[in-house]
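Working notes for the structure below.
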Amino acid sequence: MVYFVATPIGNLKDISLRALEVLRGADVIFCEDTRHSLKLLTAYDIKKPLKSCHKFNEREAAEKIAAEAAAGKNVAVISDAGMPVISDPGNIAASVLKSAGAAYTVIPGANAALSALVLSAFPADRFMFIGFLPDKAGEKKKLLEKYKDIDVTLIFHCAPQDLERDVAAMFAAFGERRACAVREITKMHEEAVCFNLAEGFCGEKRGEFVIIVEGAAQTANPLNALTEREHILSYINGGYTKKDAIKKAAADRGVSKSEMYKFSLDIE
């Protein structure tokens, strides 16, 4: 059996009794960084064979994890902090196991993104986790553009050396919005500092960051006040093909194209 085990994101006490039970019962533990994980395991007097599973060897490690499981061993997969797979290695391993029909489960626990969302006090009824942004400016801009019109709270991971560039890119893509920089979660110097994207973050830039950004402001589309048929016709009269008019009207109303199509049957 393979267990994807969440580990503390800062305070070593933030680990569940079940997680400790699984780690103590594992035949082998795959770690993102064996030296880093050894500190946690030593704190709880857990001595097990450790193997690496990081972004540079994850495909190879995934095959080894599947092989160990197939041999009847109990395998634990952990990352340096938090939940494996989420902005950490493990996704390829899960995919390999799923494809092979091998049994695996998750041992839940600490999560930086959700903890930061609580600390920010930003709306949490609906939110979207984006994770780390690409390094290249062009790819970063392209990714952010996808989310500029979404009216839910956005959550990003950010390394301290990327903070200024990432915040500037967010401002360029989103315009002025409220944001909150959360760092050192569960540690002595934990803080959640709110700021405006236009001003940038002026606080301490040490530690791993989670950046929370408010969603796009909702703007009423006057076309949505029309009937569905009138909505489609307004685009057709504006020069769109019937197909494209249906597509745009569906996007405006947040419904499927097939749902809008039935209102266009009598439109030539």
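The values are calculated or read from the model by the stated rules, or taken from the named source; none is laboratory data. Computed from a predicted structure; not experimentally measured. Cβ atoms come from the backbone with ideal geometry, glycine included; neighbour counts cover every protein chain shown. These area figures cover heavy atoms from the full protein model, side chains too; ligands, DNA and RNA do not enter into them. Shrake-Rupley method; radii C 1.70, N 1.55, O 1.52, S 1.80 Å.
What the table shows:
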item	result
Loop-resident sites, segment 1-106, for chymotrypsin sites (Phe, Trp or Tyr not before Pro), counting at most 14 other Cβ within 10 Å (DSSP)	Tyr44, Phe56
Inter-label distance for Ala251 and Asn237, nm, one decimal - labels placed 7 Å from Cα along Cα-to-Cβ	2.1 nm
Out-of-range pairs (alpha-carbon distance over 22 Å; input Lys140/Lys247; Lys136/Lys247; Lys98/Lys146; Lys55/Lys140; Lys13/Lys47)	Lys140/Lys247; Lys136/Lys247; Lys98/Lys146
Residues of type aspartates and glutamates that Lys51 reaches as a straight line, Cα spacing below 15 Å, ignoring anything fewer than 8 places off in the same chain	Asp27, Glu32, Asp33, Glu60, Glu63, Glu68, Asp80
Dipole moment magnitude, nearest 20 debye, segment 116-238 about Cα centre, only Lys, Arg, Asp, Glu C-beta charged	220 debye
Extension gain (nm, one decimal) between Lys187 and Asp45, 0.36 nm per residue minus Cα-Cα	48.9 nm
Loop-resident sites, segment 147-211, for GluC sites (Glu not before Pro), counting at most 10 other Cβ within 10 Å (DSSP)	Glu176
Label point distance in nm, Glu21-Lys146, each placed 7 Å from Cα along Cα→Cβ	3.9 nm
Values of log10 I(q)/I(0), in the order q = 0.14 Å⁻¹, for segment 167-268 under a Debye, Cα-only, solvent-free model	-0.66
Nearest-0.05 FRET efficiency for Lys205 and Lys73, computed from C-beta distance (R0 45 Å)	0.55
Reported label for calculated mean projected area of the Cα convex hull in nm² given (1) 17.4; (2) 18.3; (3) 12.9	(2)
P(r) of segment 149-194 over all Cα-Cα pairs, binned every 5 Å from zero, in whole percent	5, 17, 28, 27, 14, 7, 3, 0
Probe 1.4 Å, accessible area per residue of the chain, Å²	55 Å²
Rounded Å value of the spacing that divides the Cα centres of segment 4-55 and segment 165-180	36 Å
Neighbour count of at most 16 Cβ within 10 Å plus DSSP loop: longest trypsin sites (Lys or Arg not before Pro)-free window in the chain	207-268
Span from the segment 239-258 Cα centroid across to the segment 102-126 one, whole angstrom	35 Å
Rg ratio (alpha-carbon, reference 2.2 N^0.38 Å) - segment 1-121	1.01
Proximal lysines to Lys48, defined as alpha-carbon separation beneath 19 angstrom and excluding residues fewer than eight positions away on the same chain	Lys39, Lys64, Lys73
Per-residue ³J(HN,Hα) for segment 179-185, Karplus 6.51 cos²θ - 1.76 cosθ + 1.60, θ = phi - 60°, Hz, x for Gly and Pro	9, 9, 9, 10, 9, 6, 4
Angle between the chain longest axis and helix 91-100 axis [Cα atoms, degrees, rounded to 10]	90 degrees
Principal axes of segment 31-88: Cα extent on each, largest first, Å	30, 26, 16
Distance (nanometres) between label positions extended 7 Å along Cα→Cβ at Leu114 and Glu63	3.5 nm
Label-zone membership for segment 194-211, site Arg165, 7 angstrom Cα→C-beta point, backbone N under 18 Å	200-201, 205-211
Extension gain (nm, one decimal) between Asp33 and Asp266, 0.36 nm per residue minus Cα-Cα	77.5 nm
Debye-sum result for segment 59-171 in log10 I(q)/I(0), which assumes one identical scatterer on each alpha carbon, at q = 0.09 Å⁻¹	-0.34
